[in-house]
Each structure stands twice: as C-alpha cells, then as structure tokens.
Amino acid sequence: MEGESGKIYILFMSSIYLFRPEKFSLIWLIGLFILLPEIGNEAMAETAHGEARGAASWTTDARRLTGESDAVRLRAISRLKATSDLSNRLEAAMKGADRFLALDVITALKIRSMMPSLLRYSAEENSGYAIHALNTLIEPSDRTAIFQVYRERLSNRSTSYPNQVALIDTFSRTAERLDLGLLTRLQDEGSVEVRSSILHYLRAQVLNQSRQDLVSLVFRALSDPTFQNRLQAHYLIHEFSPGLKQKFYQEIQRSNQACLADPAEEVRLFCSVSLSAGRQE
C-alpha cells in the first residue's frame, strides 16, 4: 500500500498480529474498511504526482538538446528514450506552449512513428518549424508521397508565408522540381521572404540542375520592390555559366544598365564593381 496511512496501518496490524493473533482477522477487515478511501486518495495523488514529474522531466531533457555539451545532450536523449508514453506526451504537447520542445525531441530521437501526426500538424502550424522537423524523418521511400503533399500546400493560397518559405527551402535542398507557373505566382504574390527563397531555389536549379526554363524568373526578380532581392538576382546573373551568359547576352546587357541606374546605392555599387572586374578578365 502507498502513502503514510498505508504505512501506519501496516505497522499497527503487525503489532496486533504479534500480540493478539486471535483478533487479527477482524481488526484487519475493520481497519481496511475505514482507511481504504484515504489510502485510495493518497494513491491517486501519488499517481498524479508521478505523471506531473514525468511531464516535467521530458521538457527538462528537451531543453538540454540544444546549447549543451555533447555529453549532456546524449544523457538527455537516453532519458527521453526511456520516458514512458513519450509519443502521446509529445503529441499532446504540440497543441500547447511546449510545441517547439516536442518538435525538438521528435527530431533528435527521429521518431518516425509520429510522421502521420506531424504531417497533419504541419498543415496547422504556421511558423514553418514543423515542416523542418518533418523533413528530418523523411526516408527515400517517403519522398514521392511527402513532396506531393508539399506541392499541394505551396499551391494553396492559404498556406502561411513562413510555411511557404520552409517548403521552398526544402525543394531547394533536395533538388525537387517546382513548375514555372507555380513559381511565377508565388513570386508575384509572396512576401519579401518568399521571393528571396524563390531566388535561392532558382540558384540551385539554374546553376546546378540546368533549368534554363526558370531563367526568366531571375530577370523578373530585377524589378523586385526590395533592393535586397534585386541585389540577390543581380548576383545570381553574375554567377551564370559562360554558356548561359552567351545565350542570354541581350537580357544581361539590359540588366547591367538597369543595375547601374538602380535607386539603391548597394545595388549600384555591386554592379559597378562586378562589371569593372568583368572587363578586366
């Protein structure tokens, strides 16, 4: 029996058994009837305390996954793996204030059994963090299905800008293809961060995957309202291969003239330096 009442009762009955064994059975039953409710309450309180302690322990270890030494991190991972009912705790936590800790644990422990829950949650969560967490669990056999879902979400205008950035970044790092039409719409309608992420995608696809069908979007970005994105586009053109520079010679010449007349000093300075360097080569 758990709790102080149970301990006292056991000591009391032990003395009865030693000194008045003939009264043991009757007194045992009477005492048990009187103390059972209190013992039950103490047991439930102890259970609740244990559950609270378990919940607290996983969040404590989750916080040790970042910003700590490798030894501390490994011990935290070991304790998390031994935590009872961890998946259910994490799924519940994703709905509250500890959601980012839960995502950290899923990522660190690579809990692939939580992929369906995480895929659903990533559609509701608007920071993009859940998408990055989900990406750490993807195996080659998952890619076709997962990236089909990702394409559908990018096509959905209700997808938050941070999630769009996370998705485009995922396509950039995995060399997965996105269609020209979808990218054009995202470039027209997206936030400054979305448009910047598209330029990162274009760089990966044009320079590394020879996607010449996407070059037109690079030149479109030269009219971006923000000078940072215009500068990023000019720098990408500067990185074109000799073959691309020859094929798009006329477009590059026009972009150079526009660059030298750009309203932002940072853009004009870059073009002045890069064109001067190009003439010296």
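Quick note: the coordinates plus some simple rules give every number you see, no bench work behind them. Everything quoted here is computed from the prediction, not taken from an experiment. For neighbour counting, all protein chains shown are included, and Cβ atoms are generated from backbone atoms with ideal geometry for every residue, glycine included.
The range 151-199 and the range 60-112 have Cα centres separated by 30 Å. With each label modelled as a point 7 angstrom along the Cα→C-beta vector, the residue 142-residue 269 pair spans 4.4 nm.
Simple point charges give the picture: +1 on the Cβ of Lys and Arg, -1 on the Cβ of Asp and Glu, and for the range 201-281 a dipole about the Cα centre of about 200 debye. Footprinting exposure proxy ranking of 79, 153, fewest other C-beta atoms within 10 angstrom first, gives 79, 153.
In a reduced charge model with +1 at each Lys and Arg Cβ and -1 at each Asp and Glu Cβ, the range 64-137 shows a dipole moment near 240 debye about its Cα centre.
The label-point distance for residue 84 and residue 226, in a model that sets each label 7 Å from Cα toward Cβ, rounds to 5.0 nm.
With both labels modelled 7 Å from their Cα along Cα-to-Cβ, the residue 117 to residue 175 distance reads 3.5 nm.
Amide H to amide H, with H built 1.01 Å from N, residue 264 comes under 5 Å of no residue 5 or more places away or on another chain.
Can you put 220, 120 in order, fewest other beta carbons within 10 Å first?
Ranked by crowding around the Cβ, least crowded first: 120, 220.
Phi angles of the range 261-267 translate, via the Karplus equation with coefficients 6.51, -1.76, 1.60 and θ = phi - 60°, into HN-Hα couplings of 9, 4, x, 8, 4, 4, 5 Hz per residue; Gly and Pro are given as x.
Rounded to whole numbers, the Karplus 3J(HN,Hα) couplings from phi for the range 62-70 are 4, 5, 8, 6, 10, x, 10, 5, 4 Hz, using 6.51 cos²θ - 1.76 cosθ + 1.60 with θ = phi - 60°, and x at Gly and Pro.
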